[in-house]
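The block underneath contains the structure these notes are about, expressed in structure tokens.
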Amino acid sequence: MNKILCATRGGEASRRTQEAVIEMARQEGATIVFLYVVDVEFLRLTARGVRPDVVSTEMEHMGEFLLAIAVERAQKGGVAAEAVVRHGPLIEALESAALEQGADAIAFGRPAGVESSFSLSDLEAMAARITEDTGIETFIV
């Protein structure tokens, strides 16, 4: 394994995932690409007058900050890492980033209680779909 794509969104659960992937990359001699996906589709569900372009820009800045922390964490652990921000639906963003970056594997964090957007079975189904679509191994840490 040479390159692992690791999607992240911040928070305690993401930190645990990052640490597990950093250790795996250190043992494998792999590089990590941390990915943050900006998807503002949820704004269509609100009646409030919100400008999606402004929200998207703010989310992108937050993602860049979270990614900088992840890259620094990896580098302190002796692992080469880079950061990528993508916009759009999650699955499409994951697949295109993994293919563009030449990832050998895609790592997902195990859902952690009520703070998670996914159930474990939903995450497993998404991971299987991504592997089927791209041929890239996916795993849950």
Open item on the list: Looking at the structure I just gave you, is Ser116 modelled with pLDDT under 95 and of a type in the set (Ser, Thr, Tyr)?
Closed with: yes
- [ ] Out of Glu100, Glu72, Glu137, Glu132, report the one residue that is loosely packed, with under 14 Cβ neighbours inside 10 Å and closer than 19 Å to Ile22 by Cα.
- [x] Glu72
Open item on the list: Going residue by residue through segment 30-40, is there one that turns out to be part of a helix (DSSP H, G or I), crowded, with 20+ Cβ neighbours inside 10 Å and in contact with a strand residue (DSSP E or B) (Cβ under 8 Å, 6 or more places away or on another chain)?
Closed with: no
TODO: Pick out, from segment 74-141, the strands (runs of 3 or more DSSP E) lying fully within it that include 1 or more residues that are hydroxyl-bearing (Ser, Thr, Tyr) and either out of contact with any His (no Cβ under 6 Å at 6 or more places or on another chain) or farther than 15 Å from Ala7 by Cβ (or both).
DONE: 137-140
Open item on the list: Being touching a residue at least 60 places away in the same chain (Cβ under 8 Å), over 20 Å from Ile130 (Cα atoms) and assigned to a helix (DSSP H, G or I) is true for just one of Ala13, Ala68. Which residue is that?
Closed with: Ala13
Open item on the list: Checking Leu94 against (1) closer than 22 Å to Glu60 by Cβ; (2) more than 14 Å from the chain's Cα centre (by Cα); (3) surrounded by 15 or more Cβ atoms within 10 Å (Cβ to Cβ): exactly one of these is not met. Which one?
Closed with: (2)
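The values are calculated or read from the model by the stated rules, or taken from the named source; none is laboratory data. Fair warning: this is a prediction, and the values are worked out from it, not measured in the lab. Because the Cβ atoms are built from the backbone with ideal geometry, glycine has one as well, and the counts that use them run over all protein chains shown.
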